[in-house]
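Presented below is the structure to which this report refers.
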Amino acid sequence: MRRRCPECDHWEPAGAPGCPRCARTVDAIVEEGWRAFLEREFGTSDPPDERLIAEMVVDEPDKHPWRVVDAAYDRLTCPECGGRLSRGPAGCGPCDLANGFRYTAIEIDRPDVPPGNEHALRVNVAVTRRPSGVSASEVLLRRLSLPVLIEGGLPTRAQAQATKALANGGATEAELAAVIYREWGDH
């Protein structure tokens with residue numbers, strides 16, 4: 001069920017990355033996958049050396065769900081920019097490389113969502129968590145889409161293309177939000 005963020009008044013977490021509360025909510029999508037992975041594989045959500053586990057995960061990103069891979073990168077430091085690996089500014093070599101490798105990870109649709117929802121959620125989360133190197137209109141479209149995708153909604157191809165065309169054509173935030181929250185369905 002959709003709710004408004006008390007800090008920015010967007011539908012949560014559409015205020016990310018600018019709103020700290022919404023940004024934490026987006027990060028929690030990834031973090032929940034990491035904690036579940038640790039419980040499943042190691043019997044605890046707090047193993048002694050998460051960094052070592054993260055290094056093993058990113059060595060084989062194609063063997064793990066995307067949330068696990070993204071969370072593993074969060075636990076590693078970029079040797080060039082000093083930030084979280086894969087989330088540094090566009091043009092940071094190690095972060096750009098890691099950002100590309102993240103897309104080899106496994107996508108498994110959640111129960112009771114249309115096929116492709118997890119892919120859409122993954123892309124929107126990735127853009128929202130690393131907005132550098134992406135146009136402002138693309139970041140706006142991706143972050144506004146998050147509430148619908150989290151709830152299990154998925155636009156049709158025609159709806160997604162029309163909405164992207166609006167964003168590329170300079171639609172305002174209010175215009176895009178109206179289309180996304182009205183035409184993509186009330187989920």
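The values are calculated or read from the model by the stated rules, or taken from the named source; none is laboratory data. As the structure is a prediction and not an experimental result, all values here were calculated from the model. Here the Cβ is made from the backbone with ideal geometry for all residues, glycine too, and neighbour counts use every protein chain on show. Surface accessibility is based on the protein's heavy atoms, side chains included, excluding ligands, DNA and RNA. Shrake-Rupley method; radii C 1.70, N 1.55, O 1.52, S 1.80 Å.
Yes or no: THR104 over 28 Å from GLU7 (Cα atoms), surrounded by fewer than 19 Cβ atoms within 10 Å (Cβ to Cβ), among the polar types (S, T, N, Q) and touching a helix residue (DSSP H, G or I) at 6+ places or on another chain (Cβ under 6 Å)? Talk me through it step by step, then tell me what you get.
On the way: over 28 Å from GLU7 (Cα atoms): yes; surrounded by fewer than 19 Cβ atoms within 10 Å (Cβ to Cβ): yes; among the polar types (S, T, N, Q): yes; touching a helix residue (DSSP H, G or I) at 6+ places or on another chain (Cβ under 6 Å): yes.
For THR104, the condition - over 28 Å from GLU7 (Cα atoms), surrounded by fewer than 19 Cβ atoms within 10 Å (Cβ to Cβ), among the polar types (S, T, N, Q) and touching a helix residue (DSSP H, G or I) at 6+ places or on another chain (Cβ under 6 Å) - is met.
Of ASP62, ASP70, all but one fail to be open to solvent by less than 10 Å² (accessible area, probe 1.4 Å), under 20 Å from GLU118 (Cβ atoms) and among the charged types (D, E, K, R); the exception is ASP70.
Within region 30-54, the set of residues being touching a residue at least 24 places away in the same chain (Cβ under 8 Å) and open to solvent by less than 20 Å² (accessible area, probe 1.4 Å) comprises VAL30, GLY33, TRP34, PHE37. Just one of the listed residues (ARG122, ARG102) is touching a Phe, Trp or Tyr at 6+ places or on another chain (Cβ under 8 Å), modelled with pLDDT under 95 and either among the small types (Gly, Ala, Ser) or part of a helix (DSSP H, G or I) (or both), namely ARG102.
Scanning region 125-153 for residues that are within 20 Å of ALA23 (Cα to Cα), more than 13 Å from the chain's Cα centre (by Cα) and not in a helix (DSSP H, G or I) yields a count of 6. Out of curiosity, is GLU7 touching a Lys or Arg at 6+ places or on another chain (Cβ under 7 Å), buried (at least 17 other Cβ atoms within 10 Å of the Cβ) and modelled with pLDDT of 95 or more? Criteria not met by GLU7. Across region 77-101, the qualifying residues are those that are among the aliphatic types (A, V, I, L, M) and within 19 Å of ALA23 (Cβ to Cβ), and the one among them that is surrounded by the most Cβ atoms within 10 Å (Cβ to Cβ) is LEU85.
Within region 13-29, the set of residues being open to solvent by 20 Å² or more (accessible area, probe 1.4 Å) and either modelled with pLDDT under 95 or not hydrophobic (A, V, I, L, M, F, W, C) (or both) comprises PRO17, GLY18, PRO20, ARG21, ARG24, THR25, ASP27.
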